[in-house]
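Below: one structure, written as C-alpha cells.
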Amino acid sequence: MNASIQCENLSKSYQKGGQTITPLEALNLHVAAGEFLALMGPSGSGKTTLLNLIAALDHPSSGSIRVGEHDIGSFSRAEAAAWRARSVGIIFQLYHLVPVLSAWENVELPLLAGSRPRHERRKRVDSALRLVGLTDRAHHRPTEMSGGQEQRVAIARAIVADPALIVADEPTGDLDRESADSILDLLASVSAEFGKTVVMVTHDARAAARADRTLHLEKGRLVEATDKA
Amino acid sequence: MTTIRNLSHLPRLAWRQLARHRWRSALTLLGIASGVFLLATVESARQSLARATAAAAADSTLVVYQAQRFCPSTSRLPEHYLGPISRLPGVRDVTPVLIVVNHCGASLDVVAFRGVDADAWRTYLGTQATIEGGSFDEWLTQSDGALVGAHLARSRGLKPGDRFEAAGVIVTVSGILDSPNSQDNSVAYTHLPFLQQASGTGLGTVTQFNVRADPETATPTEVAREIDALFSSDQIRTNTSAEAAFFADTAADMIELVGFTRWLALAAVVAVAGLIANTMLLVVRGRLRESALLHTLGFSGGQIGGIVLFEGLLLGVLGGLLGIAAAAVLLAWQAPTFGSEGVVMAVALAPGDILRVLAAATALAIAASLYPALLASRRCAAAALRL
C-alpha cells in the first residue's frame, strides 16, 4: 500500500472556555511513501494534533488529509478504526502495553482487531518479536521488562499488522540514551528496509537527526524544514 | 464470517481482564453465586411444588378422607368402607391407606408412613415404580418392612436392612422406592396391619382411601359425589375430592409459604443484576485509558463494548454455575422435604430448574452489562496519542 501523506490547508480548532483554540492552521504537507519524518517544535505547537489527524484519531476542522488513496479526514469512527487496524502502527511515549497480557499477547492485539486467522497471527507475532530482538521475552509481562524492552514490544505491536504507516509520539522520551538509540535504529530500519512511512514527534534533536527530514512547527504552522545531512 | 472471527477473541480478552483482578472477580463471583444460590433454592422449592401438583392432577385418582379433617390423625375412616366404595359404578380399584406422620403441621422435617394393603398397593404402583436394593417380594415377607421413598432414604441416609424410628414407629428398610410420582419418593410404605398396630391407631381404621375412577363408566367428579352420598348418613361422613384438589387444599400452607418466596427470588435477581452492573461500571470507569488504547490500535467501539459484555457474561455464567452447584450440593446433602398434614413434598433441583436458573443468570448478566458495554464503546472515542 502507498502511504504517502498529503495535507492541504489542514486546520484543527476547538472551543475551550469560550475561546477558539487552533493548534493547527492551514498546514500544507507532503510526506513521501517510505519516508522517515521527524516533527519538532515547542509544546503546544500542534505536533501531536497533527499526528492524531494522520492516524485518523481526530477529524480536521477544515482542509483535507489523505494517506495513500484514502481521504482519512472523512472517515467515520468505525471506518477509521478499521483503517488503523490495517494500515497504521502507533508507538506511544509511555508504551501503553496492556499489563495483564504477555509481550506476545500485546503484540498480537492489533491482529485481533482485524480478522486474521490464528496461524497467520502466530507467524506475524513471532516475526515481529524476532525483529525487535525479544523472542526470549515473549511470555513476560510488561512489569517484568525494562522501559527499553517495553518500547521494543510496542514497536513490534506497531509493525505486526504490516502497516504502511507508523506514527510515533515521543518514542524515546522516557528512555535512557542506549535504549533510545536502539529504538531509533529500529524505526530507521523499518523505514529504510521495509519501506514504511514513519512520522515521529520528538523534542530530541539527536532523535530527529536520524530521520530523513525534520519539520519544525510553531503555533500550528510549519516554520522550517531540515533534510538529513 | 469475518465478523464472527472479529468477535471470537473477545471472550479470551474478557477472561484475561477478569483474571487480572483476581480478588475483585472472586468477590463479585461470590456475590453473584450467593444470589443465584438463593434463586436456585427458591426456584427448586417452587418447581417441586408445581411438579407435585401437576403429577397429582394428571391422573383420575380420588382421595376419600373424613369430613372436617385437618390432620391425618383426625381422619379415622372404618376400613370396611372399602367394600361399598369398591362396588360403586365407575370405581376401578380402591386402596385403603393409613398415614402416620411425625409432624402434622407445616414442617421441613417430615417422615410420613403410609400403611397399605400389599396386594392393592402392588396393583396401584404398577410398573412405573422401581425398587432398588430389595424387592416387593422381600417387603411382603417382612411384617415390619418398609419401602422407603428414594428422597426420604437420601435425607435420612437409609439403605436396605437399616432400621429407623419416626413418630413412635420402628421399621426395617426392605427396599428403596423410586417412583415417577414425587409423593411416593418422600414417604415410607408399610404393611397396613403393622402400621395400624405400631401407631396405636388400631386395626380396622384407616386415614383415607385412594380411589381410581374408571373414566369410561363415570367421571371422577360423579364417583366422588357417589362416595360422599353413600356415607352421608353414617356416623363418619366422608369428603372425596380429586387428588389434585386434595393436594392443593392440604398443601395450601405450603403453597402460600413457597409462593411468598417468589419475592425472595425477585430480590435475588435484583441483587445479582445490581452487582454485575455495578462491577462492570467500575470496570469501565477504571479502564478508560485501556479502552482508548484498544481503539487507537484499531478495535472498533463494538469490539471494546463486546469485551465488557463478555466479562459480565462470564461473571454471570460462572457465578450462576457456582450458585447452582452450591444449591444442588445443599439440596442433595440435606434432602429437605416440605410437609403439611401428611402431604410431603421433596425439594429437589431438576435439570429443568438448573437450565432455567442458568438462563436467568445469563440473561441478567447480559442485561446488566449492556449499559456499561455501551459506555465503554462510546468512551473509547476519547482515544488519542496522549492517552
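The values are calculated or read from the model by the stated rules, or taken from the named source; none is laboratory data. Keep in mind it's a predicted model, so treat the numbers as computed, not measured. A quick note on method: Cβ atoms are made from the backbone with ideal geometry, for glycine too, and the neighbour counts reach across all protein chains shown. The area values use the complete protein model at the heavy-atom level, side chains included, leaving out ligands, DNA and RNA. Shrake-Rupley method; radii C 1.70, N 1.55, O 1.52, S 1.80 Å.
Of the residues making up segment A:38-54, one or more are out of contact with any helix residue (DSSP H, G or I) (no Cβ under 6 Å at 6 or more places or on another chain) and within 21 Å of A:F194 (Cβ to Cβ).
Only one of the numbered conditions (1) open to solvent by 10 Å² or more (accessible area, probe 1.4 Å); (2) hydrophobic (A, V, I, L, M, F, W, C); (3) in a helix (DSSP H, G or I) is not met by A:L222, and that is (3).
Scanning segment B:34-50 finds no residues that are modelled with pLDDT of 85 or more, more than 12 Å from chain A (Cβ to nearest Cβ), over 29 Å from A:R141 (Cβ atoms) and not in a helix (DSSP H, G or I). Taken as a whole, segment A:205-219 holds at least one residue that is in contact with a Ser or Thr (Cβ under 7 Å, 6 or more places away or on another chain), at pLDDT 90 or above, surrounded by 13 or more Cβ atoms within 10 Å (Cβ to Cβ) and among the hydroxyl-bearing types (S, T, Y).
In summary, helices (runs of 4 or more DSSP H) completely within segment A:11-120 and bearing 3 or more residues that are more than 19 Å from A:P171 (Cα to Cα), open to solvent by 20 Å² or more (accessible area, probe 1.4 Å) and facing another protein chain (nearest Cβ under 9 Å) occur at A:77-87.
The C-beta contact set for segment B:12-37 (first residue within 16 Å of B:A365 (Cβ to Cβ), second residue at pLDDT 90 or above and open to solvent by 70 Å² or more (accessible area, probe 1.4 Å), distance under 7 angstrom, 6+ apart or interchain) comprises B:L29/B:L322; B:A33/B:L322.
Please specify each residue of segment A:13-42 satisfying the condition of being closer than 15 Å to A:A211 by Cβ and among the charged types (D, E, K, R). Passing the criteria: only A:E35.
Among the numbered conditions (1) touching a residue at least 24 places away in the same chain (Cβ under 8 Å); (2) under 30 Å from A:N9 (Cα atoms), tell me where A:A103 comes up short. Every listed condition holds for A:A103 apart from (2). Any chance segment B:139-161 includes a residue that's open to solvent by 20 Å² or more (accessible area, probe 1.4 Å), assigned to a helix (DSSP H, G or I) and in contact with a Ser or Thr (Cβ under 6 Å, 6 or more places away or on another chain)? No, because not a single residue in segment B:139-161 is open to solvent by 20 Å² or more (accessible area, probe 1.4 Å), assigned to a helix (DSSP H, G or I) and in contact with a Ser or Thr (Cβ under 6 Å, 6 or more places away or on another chain).
Screening the candidates A:R210, A:R206, A:R177 for the property of being farther than 24 Å from A:A56 by Cα, among the basic types (K, R) and touching a strand residue (DSSP E or B) at 6+ places or on another chain (Cβ under 8 Å) yields one hit, A:R210. For segment A:143-177, the tally of residues that are within 13 Å of chain B (Cβ to nearest Cβ), open to solvent by 10 Å² or more (accessible area, probe 1.4 Å) and assigned to a helix (DSSP H, G or I) stands at 2.
Screening A:T197 with (1) of a type in the set (S, T, Y); (2) without any contact (Cβ under 8 Å) to a residue 40 or more places away in the chain; (3) within 23 Å of A:S127 (Cβ to Cβ) gives one miss only, at (2).
Looking at segment B:314-327 only, could you name the residues that are open to solvent by 40 Å² or more (accessible area, probe 1.4 Å) and not β-branched (V, I, T)?
B:L314, B:L318, B:L321, B:L322, B:A325, B:A326
Only residues that are closer than 23 Å to A:E108 by Cα and more than 14 Å from chain A (Cβ to nearest Cβ) were counted in segment B:309-334, giving 2. Being within 20 Å of B:E243 (Cβ to Cβ), in the same structural domain as B:D184 (by TED's automatic domain parsing) and modelled with pLDDT under 80 narrows it down to one residue among B:G126, B:G134, B:G90; which is it? When all the criteria are applied, what remains is B:G126.
In segment A:108-124, the residues that are within 18 Å of A:V88 (Cβ to Cβ) reach residues that are assigned to a helix (DSSP H, G or I) and at pLDDT below 85 with C-beta atoms within less than 6 angstrom, at least six apart or across chains, in these pairs: A:S115/B:T2; A:S115/B:R5; A:S115/B:N6.
Each residue in segment B:250-308 was checked for being within 14 Å of chain A (Cβ to nearest Cβ) and open to solvent by less than 50 Å² (accessible area, probe 1.4 Å), and 19 pass.
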